[in-house]
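What follows is one structure encoded as structure tokens, with my remarks underneath.
The values are calculated or read from the model by the stated rules, or taken from the named source; none is laboratory data. Owing to the predicted nature of the structure, the values given are computational and were not obtained by experimental measurement. Backbone-built Cβ (ideal geometry, glycine too); neighbour counts: all protein chains shown. To get the accessible areas, we keep the full protein, side chains included, count just its heavy atoms, and leave off ligands, DNA and RNA. Shrake-Rupley method; radii C 1.70, N 1.55, O 1.52, S 1.80 Å.
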Amino acid sequence: MSRNLFAIMAITTMFLSCKNEKQDGYSIKGTIDASANGKKVLLVKNERMQKITVDSTTVQDGKILMQGKVESPDFYLVTIDGLNMGLPLVVENTEMDIEFYKDSLPKSKVTGSKENDLLGEFRLNSEPARKVNAELGQKYAIAQQKQDTITMDQVKATYDSVIAIMNEKNVKLVKENTDLVTSMAFLDNLSSSGVVKTNEAKSIFDSFTEEVKESRVGKEVGEKIEAAMVTAEGSMAPDFSAPTPAGDTLALKDVMGKVTIIDFWAAWCGPCRKENPHVVEIYNKYHEQGLEIIGVSLDGTPRQKDAKQEWLDAIEKDGLTWHQVSNLSYFNDPIAKQYNIQAIPATFVLDSEGKIVAKNLRGEELDKKVAELLQ
């Protein structure tokens, strides 16, 4: 999920109204059980990983009122002292009415805002996935304990089908609401998670209104898509160089094969280490036919006491016999920034000319792509 959405897929509220009168600022009118009288109400925004209070009031006679003005619609959180969690809210310059549920703020009912109406539609689309997640997760865990691979595959196929339907509905909503910032935020989510390929994301982004593109969310998403276009499928892989475990400098252009895999990973990354045996198998299977791999480690997190030693130990333990480089700079690694890496493991498959032909393939899918390119 996208960092910018701060878990709105999990806790967003359903919104039903179509009222959206234009006005000079926002007005948030709320009602809540009188037992909340005197409690502090905050309107909070996340900026650079910090929570900033932009508005506040107190509950009086079971009512709440906050007024102000925003430059463009954006994501906020309404919190009330003593009550768990908060209500995710897209604040726009219109009059919004909220029926607060003190026992479950995230489920509070909001009316009067097209942005929040759309947020509710996205939430509705995600409900089936949320409902089956716990059930299927438990079923998968039991099958895994019994080493029942048939059931495991069936569970995964069922869950993947539910997710595919959700994603299809969400993409449709994004394309149909290119005048709303909420839609732009979900485009970011869909693009970052790989549901929408970079080239398609760029095409959808271009269809948004200029007002949405110029919003804070629009500008951030636009910058991310432009950065991603550099390493989109069909683009030539940018060259790079970095230190090897021995301290020498190695460049991508120096190790290119008939097929080349750029593998972003780290010793501290559990999913990366779990995937490594599959990569080892593929390398051993196809190396003599022209497959080359260059691993780019994002070790260097402050939590590591000796990042280089942990990197070296992981290479040896996992049997990674291909080329390895690292600046030991965590996600500040210049190569990670060059390739717009937001999460790992991340892989790029290059053809003999250095063109990116596939991204983020795993296991059998990666094997099939390598075999196809080596034919």
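Numbers at a glance
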| item | result |
| --- | --- |
| Mean Cβ count within 10 Å, highest first, over the residues of peptides 97-110, 138-151 | 97-110, 138-151 |
| Pairwise Cα inverse-distance average, inverted: Kirkwood Rh of region 89-205 (Å) | 16.4 |
| J(HN,Hα) series, region 255-266, from Karplus relation 6.51 cos²θ - 1.76 cosθ + 1.60, nearest Hz, glycine and proline x | 10, 4, x, 4, 9, 10, 10, 9, 10, 8, 7, 6 |
| Heavy-atom accessible area per residue - the chain, 1.4 Å, Å² | 51 |
| In degrees, nearest ten, helix 149-176 long axis to first principal axis of the chain (Cα) | 60 |
| For region 297-366, convex hull of alpha carbons as volume per residue, Å³ | 117 |
| Value at 222 nm in deg cm²/dmol, rounded to 500, when DSSP H runs of n ≥ 4 in the chain each add -39,500 (n - 2.57) | -12500 deg cm²/dmol |
| Cα-Cα P(r), the chain, percent of pairs per 20 Å interval | 24, 49, 25, 2 |
| Residues with amide H under 5 Å from that of Leu320, placed H, sequence gap 5 or more | none |
| More than 18 angstrom apart: percent of Cα pairs within region 232-375 | 51 |
| Whole-number percent relative contact order across region 276-375, with pairs defined as alpha carbons under 8 Å at least 6 apart | 28 |
| Ordering of 154-162, 255-263 by burial proxy (mean other Cβ atoms within 10 Å per residue, highest first) | 255-263, 154-162 |
| Amide proton proximity set for Ser108, modelled H, under 5 Å, gap of 5+ | Tyr101 |
| Qualifying aspartates and glutamates (Cα of each under 12 Å from Cα of Lys107; at least 8 residues distant if same chain) | Glu99 |
| Part-to-part distance (alpha-carbon centres) for region 253-292 and region 92-151, which is given in Å | 37 |
| DSSP bridge pairs, the chain: antiparallel proportion in percent, nearest 5 | 70 |
| ³J(HN,Hα), Karplus 6.51/-1.76/1.60, whole Hz, each residue of region 104-121, x for Gly, Pro | 7, 4, x, 9, 4, 9, 10, 9, x, 9, 4, 4, 6, 4, 5, 4, x, 5 |
| In order through region 272-287: 3J(HN,Hα) via Karplus (6.51 cos²θ - 1.76 cosθ + 1.60), integer Hz, x for Gly, Pro | 5, 5, 5, 7, 3, x, 5, 5, 4, 4, 5, 4, 5, 6, 10, 4 |
| From the C-alpha gyration tensor of region 159-232, square roots of 5λ in Å | 20, 15, 9 |
| Gyration tensor verdict on region 56-139 (Cα atoms; rounded if a/c is under 1.5, prolate if a/b is larger than b/c, oblate otherwise) | oblate |
| Percent carbon-and-sulfur accessible area, region 249-336, ignoring ligands, DNA and RNA, probe 1.4 Å | 49 |
| Contact order normalised by residue count of the chain, Cα under 8 Å, 6+ apart, percent | 13 |
| Listed pairs Lys337/Lys369; Lys172/Lys274; Lys45/Lys156; Lys175/Lys224; Lys219/Lys305 exceeding 29 Å between Cα atoms | Lys172/Lys274; Lys45/Lys156; Lys219/Lys305 |
| Helix 363-374 vs. the chain, principal-axis angle (Cα, 0 to 90°, nearest 10) | 50 |
